[in-house]
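Remarks on the structure that follows.
The values are calculated or read from the model by the stated rules, or taken from the named source; none is laboratory data. Every value quoted in this text rests on a predicted model; they were computed, and no experiment measured them. Here Cβ is always computed from backbone atoms with ideal geometry, including for glycine, and neighbour counts include all displayed protein chains.
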Amino acid sequence: MPSYEFRCNTCGRAITLFYKRVADYEAAQAERACPHCGSASLTRQIRRVAFAKPTKDYTRMSSGEMLSVFENGDSREVGRMIHEVGGDAALNDAAMQDAAKRLMNGEAPAKVERDLSAADTAKP
Ligand SMILES: [Zn+2]
């Protein structure tokens, strides 16, 4: 059964919620609340981000782990990941190269991603 970990923004407790299916997790999104204080202000905790090794091998990450890097919101880390995973193929693409550079400079991933998809739509 998939479990989802949250931290309550009100009382600060760690919460684990279980759902039979991912669809149930998504359906429950609106009514999710802290079992301790009833607050609906919960922040999803990403477990897979804890790495044992000091060097991260992004090329061996699962897509879930990559997503967790994105969700974690560390721009520099996202930039490194794109650089390593994308390798030469991704970096031949000027827009991708620019995005990776901006992320490594600490720009917000959401902003960079938005610009990147805007550039994508502009392509013929
Ligand atoms: Zn709470």
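Sort out which residues of the stretch 6-26 are part of a loop (DSSP other than H, G, I, E, B) and within 15 Å of the ligand (Cβ to nearest atom), and write them in order of number.
Residues satisfying the conditions are N9, T10, C11, G12, R13.
Select from the stretch 13-34 the residues that are over 21 Å from S68 (Cβ atoms) and loosely packed, with under 11 Cβ neighbours inside 10 Å and list them in ascending order.
Selection gives K20, A30, E31.
Taking into account only those residues within the stretch 27-55 that are part of a helix (DSSP H, G or I) and charged (D, E, K, R), which is modelled with the lowest pLDDT?
Checked the stretch 27-55; the qualifying residue modelled with the lowest pLDDT is R48.
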